[in-house]
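The values are calculated or read from the model by the stated rules, or taken from the named source; none is laboratory data. Quick caveat: nothing in here was measured; it's all calculated off a predicted structure. Because the Cβ atoms are built from the backbone with ideal geometry, glycine has one as well, and the counts that use them run over all protein chains shown. These area figures cover heavy atoms from the full protein model, side chains too; ligands, DNA and RNA do not enter into them. Shrake-Rupley method; radii C 1.70, N 1.55, O 1.52, S 1.80 Å.
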Amino acid sequence: MRQSASSNGHRHSGPPLIKADGIWKIFGRNADKVVGTPDADLPRSELRAKTGCVAAVRDVSFDVYPGEVFVVMGLSGSGKSTLVRTLIRLIEPTAGRIELDGRDVTAASHDELLQLRRHTSSMVFQHFGLLAHRTVLDNVAFGLEVQGVSKAQRHARAGEVLKLVGLEDAASQFPSELSGGMQQRVGLARAFAVDPKVLLYDEPFSALDPLIRRDMQDEVIRLQEETGKTTVFITHDLPEALRLGDRIAIMRDGRIVQLGTPEELVGSPADEYVENFVRDIPRSHVLTLRWIMREARAGEEDGPRLDVATTVRNAVPVIASSERPCCAVDDGRIVGVVDKDAVLTAIAGEE
């Protein structure tokens, strides 16, 4: 489980790298006339019957900060993939404003949009889209080739990135000679090669078998920790979202129903829909000492010490073996204590 920047008490410094404000995407004739009317709030089937339009994204707003992994999660048809495509206008939003690295994406010209897609962002899809007739090295270098980078420079950069994803020995092979997991690593390498400020993943691992999928999640975590890339990750899989995300937005019928850290979603679901989503997630695997601690009373600061970001699951052996409450420590300072009662309350309901 990633320990999120948001949930460990860190406050974001500086402006967000992505700002989405009031994003709508409605498919159909006269779609723009639906926004802002009572019809916009109709259930999807009623809206289609009345107007012939389909509301895929409804009034969605969020910020993504530099270095953050922001996960958008929802079931099929929730609008998550449409939303991520509006961020770089692969799908044109019907209404709203999007800023990326300080630039107004919604007002960008065709040429400005091309530059933004080539230099500022990279997208990784479920279907890898590798070029069958090109070597792995040339596949990874393709984005740089589109940018006009010389062959020597792009091959050097592609070689560096292949080493980053552990595929340096496969540089001269062709995609058909690689396993599905290796092909997806090539897709990751191609995205990283152009050194984008933002990485957009659209359900990249959903076609992989569970073991390979877990390996690829590990790879995303490792690459993000090594490079600090700002990431928007789309998934329908809650364990994947909880594992990768600093913050998670859960979508339903085109709207965000809850946006928060993994702890906030599991520890305090916003409604019955989210509660049903997180019901089978072991709370002790997600909640940390920060979530369950209380203020220390006089004489309670001499118990065993654990980092405040320690999960309840990992803290149990220490807390169970001590007669004293455990001290939760943040940057060398005791910020609270956790006793056995708090642990039992936190894991109540787990089977």
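In the condition set (1) farther than 23 Å from Pro16 by Cβ; (2) hydrophobic (A, V, I, L, M, F, W, C); (3) open to solvent by less than 20 Å² (accessible area, probe 1.4 Å); (4) modelled with pLDDT under 90, Val266 is compliant with all but (4).
Just so you know, in segment 294-321 the residues that are surrounded by 14 or more Cβ atoms within 10 Å (Cβ to Cβ) and of a type in the set (Gly, Ala, Ser) include one that is nearest to the chain's Cα centre (by Cα), and it is Ala309. Applying the criterion of being aliphatic (A, V, I, L, M) and at pLDDT 90 or above to the residues of segment 114-143, the residue that is surrounded by the most Cβ atoms within 10 Å (Cβ to Cβ) is Val140.
Looking at segment 188-213, which of its residues are surrounded by fewer than 23 Cβ atoms within 10 Å (Cβ to Cβ), within 17 Å of the chain's Cα centre (by Cα) and under 22 Å from Ser76 (Cβ atoms)? Of everything in segment 188-213, those that are surrounded by fewer than 23 Cβ atoms within 10 Å (Cβ to Cβ), within 17 Å of the chain's Cα centre (by Cα) and under 22 Å from Ser76 (Cβ atoms) turn out to be Asp202, Glu203, Ser206, Arg213.
Each residue in segment 218-253 was checked for being more than 30 Å from Pro43 (Cα to Cα) and surrounded by 20 or more Cβ atoms within 10 Å (Cβ to Cβ), and 9 pass. Taking the criterion of being in contact with a Ser or Thr (Cβ under 9 Å, 6 or more places away or on another chain) and in a helix (DSSP H, G or I), the residues of segment 110-143 that qualify are Val136, Leu137, Gly143.
Are any of the residues in segment 155-172 assigned to a helix (DSSP H, G or I), without any contact (Cβ under 8 Å) to a residue 60 or more places away in the chain and of a type in the set (Ser, Thr, Tyr)? I'd like the intermediate steps shown before the answer.
Within segment 155-172, the first condition is being assigned to a helix (DSSP H, G or I), and the residues that meet it are 155-164, 168-170.
Adding the requirement that they be without any contact (Cβ under 8 Å) to a residue 60 or more places away in the chain leaves 155-163, 168-170.
Those still in the list that are of a type in the set (Ser, Thr, Tyr) too: none.
The answer is no, given that none of the residues of segment 155-172 is assigned to a helix (DSSP H, G or I), without any contact (Cβ under 8 Å) to a residue 60 or more places away in the chain and of a type in the set (Ser, Thr, Tyr).
Here segment 246-289 is the region considered, the condition is being basic (Lys, Arg) and touching a strand residue (DSSP E or B) at 6+ places or on another chain (Cβ under 7 Å), and the residue that is farthest from Ser61 (Cα to Cα) is Arg247. Contact map, segment 220-238: first residue in a helix (DSSP H, G or I), second residue open to solvent by 20 Å² or more (accessible area, probe 1.4 Å) and hydrophobic (A, V, I, L, M, F, W, C), Cβ cut-off under 9 Å, separation 6 or more or different chains; pairs are Leu223/Leu164; Glu226/Leu164; Thr227/Leu164; Leu238/Phe277; Leu238/Ile281.
For Gln183, the stated conditions hold: it is in contact with a Phe, Trp or Tyr (Cβ under 6 Å, 6 or more places away or on another chain), more than 25 Å from Arg283 (Cα to Cα) and of a type outside the set (A, V, I, L, M, F, W, C). The one condition from (1) acidic (Asp, Glu); (2) surrounded by fewer than 21 Cβ atoms within 10 Å (Cβ to Cβ); (3) in contact (Cβ under 8 Å) with a residue 40 or more places away in the chain that Asp280 does not meet is (3).
Restricting attention to segment 19-38 and to residues that are in a strand (DSSP E or B) and within 10 Å of Ala95 (Cα to Cα), the residue that is most open to solvent (accessible area, probe 1.4 Å) turns out to be Asp21.
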